[in-house]
């Protein structure tokens, strides 16, 4: 199944692989290849279990019912005993593979058990060990220049609490040291200005930032997420539509990014009410794995600085190593850090980072809720972070990403009538490509599943890779082999 | 410290107590009374730890730093080794006491460990055991007439996903079997009608339903929660302001409730856009522990049925036994169940119950997010539920609530110049009273804390009780003793 790539670049990449396999250390029993037990997936047990589940729980989106007791490393098991190589990983989560032994240790620790059975209302009764848990984990992993954290429960929750911080910050700047006025207090209780803000959060066309009411108002990826749900009248700006390969279309792409920057600045300048913050993903993931260059993101930083708009980077999907850096926005070499960076998925903990203490309201009970995070998730995130550091998994992900990208370049080039626009060069395993249409995309996903490969789509006709951080050359070769055999028959 | 109450009612109550103490079974080492190590609380260690925490995390609302390793049963330990009798319990959570041995077993189980390290994207890859976990726990605990569940992550999240279900349901009723129109699809992406809904969720004055953008738009308890945050222009209706004791003011209270029902119906009838749902708490908790009678709630059910408005009961704080019934709305004997009931806190899991399958959208990815709940929390909730059943803790809570209420009647009546309006008769331990003003309330809370009693406020000048479900006569007597000594000196 090995792909053959000629030339020195592959040899250079291969030399960079450590001789020891972290996956083999973690998972001596990891399957050597997919194990197929049923003709199709979902198999009969999966179908039966899903039908039962549907009697009590919304199961419209089920792929198949998974057996997490028999899943291991990069292989997810289903209810029928099929074991699939998983490059989707619970929509970009599962950082260290299924049933990672070090995380099992963390999950069995006294600290974890204690945090589960005594879940605290963290903002009122923080635990003696919470700062230590944060410092040894989530905060140690913080993006450069960010030393404060707000812990939340999901990506949507992380973004919405970041939005709240942005609104409170912008109003505090106007209000200064003056107290709230009677009119503000009274009108806020009526959901009216001036107490309720008429400021906005600006997001980008095809961006995805969550599904609660504030976050969904900034989500612009697909109508199915938004139909029938009330939304705030917040602005959106165009996101660059780049042409691939990037090197070939440098001038056009630069012009496209400048067009989008100009449009953004114009929207900010002419908006009827102040834009409190903009939010952007380093790669628009649900929207189709749309990339932009450092030029564009530096432009966002410059424009937001100039207009005193906060700059929120949504790293819910890109964060924690997958891009070949701990945080994808580190690829940009910004002249000054973003104002807030949100996270979730791969840490299985959620929240946002910031450095400006003014983004923390001065009064209690403004940024507040009962839980204010979850120590058990922060403990798990610490375990994930420490393993990433110990095994140098961010660099390893950069290396395996290069290997995948180069091989995919070769493979996809053989099937230009069905696949194109490979994306994610020098961006770890955060790789995607387009299919000619949604039907072809969906057929490729299903055919691959039949051969034991679990992939996920994004956008209207794209396929995205979201493997673990212990996805190695042996896994890549199996993946490439299955993909090529599927493409060959498509 | 025993309160002396004469007459047969106390003897009857005492006879109803089981001779065995569940608390003593769970916690043979539970302190017999508060343990005080420092002059004031927070003590020096708590102050130092909190200062450190404040360097990285918003700690404006900290009471003191808690030591959850040394907390046990009904006693919370702080960083200085003080052990306080806790009748606030992480804002109405901690159902079975700190470090409950049965929950520790659940937390150490293979199922729990597996669910923590392999957190699934439940709607795409549900686990083989998820239905069983739900059926043995959360669903077994479901309110009468409700057999379906949506799992979420917090009370706010539970309410917002319930709102989304309500909006999608109401639009589907209008749309029928027709597909979305092009105009709906296009306008939804612009956050505009008709694709984005202009329907509303109606809530009640002083209600609290969470702090994300949709839930905060229905929260009407305090301006500090809402100031500077954008809000939807959704309607609110008056909530009855009852006079206590209820038996004395029956006619006035009935008239007040009828006034509020009439106002609600008028708002629904004259609203510029359709009210999709109303949401109400059985007891407005954050808003000051405001009760209403079954007459009022039956009226809400009748009006909502008549106008085809959905009726959501927010049991985030009242649910899971504290009211002396598993769900507080069971006190109402409604002629037909609510449409949705939301839950969180005492189950440490969140979501909503419903029975009408039409509240589940027909298409995938409408009610959807990455996690769609958390099996580890559902496992914990199962453990909590099974212990509640095993030890008959709902009935026991009803009994100890009666004991508390009767004794509080006696005690508070001695200090009518500072405390009044005792609430929560025949409503388990969900008891509260007013203080003459906020200063007196806050002084009572602080004085009690100095004597080793952890209480919480609500509303502008009220004190609420939210003990565990294993709060027994011995704890009640200590609580009553401390409270009386504080009131005597106030």
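Answer rounded, prolate or oblate for the protein assembly as shown, using the Cα gyration tensor with square roots of eigenvalues a ≥ b ≥ c: rounded when a/c is under 1.5, else prolate when a/b is larger than b/c, else oblate. It comes out prolate by the Cα gyration axes. When only alpha carbons are used to place a centre, the range B:162-224 and the range A:277-355 end up 29 Å from one another.
If both residues of a DSSP beta bridge must be in the range A:111-389, then about 50% of such bridges are antiparallel. Indicate, rounded to the nearest 5 percent, the antiparallel portion of the DSSP beta bridges found entirely in the protein assembly as shown. Looking only at bridges with both residues in the protein assembly as shown, the antiparallel portion is about 65 percent. Summarising the strand pairing of chain A, around 65 percent of its internal DSSP beta bridges are antiparallel.
To the nearest ten degrees, helix A:44-53 and the longest principal axis of the Cα atoms of chain A are 20 degrees apart. The long axis of helix A:155-175 is offset from the longest Cα principal axis of chain A by roughly 20 degrees.
What FRET efficiency, computed as 1/(1 + (r/R0)^6) with R0 = 22 Å and r the Cβ-Cβ distance, is obtained for residue A:392 and residue A:105, rounded to the nearest 0.05? Computed FRET efficiency for residue A:392 and residue A:105 comes out at 0.65.
With the helix formula -39500 (n - 2.57) applied to DSSP H stretches of n ≥ 4, the protein assembly as shown reaches a computed 222 nm mean residue ellipticity of -12000 deg cm²/dmol.
Quick one: helix B:438-450 against the long Cα principal axis of chain B, what's the angle to the nearest 10°, folded into 0 to 90? That helix lies at roughly 60 degrees to the long axis.
All of the numbers you see were taken from the coordinates with simple rules; none came from a lab. Every value quoted in this text rests on a predicted model; they were computed, and no experiment measured them. When we count neighbours, we look across all protein chains shown, and the Cβ atoms used for this are built from the backbone with ideal geometry, even at glycine.
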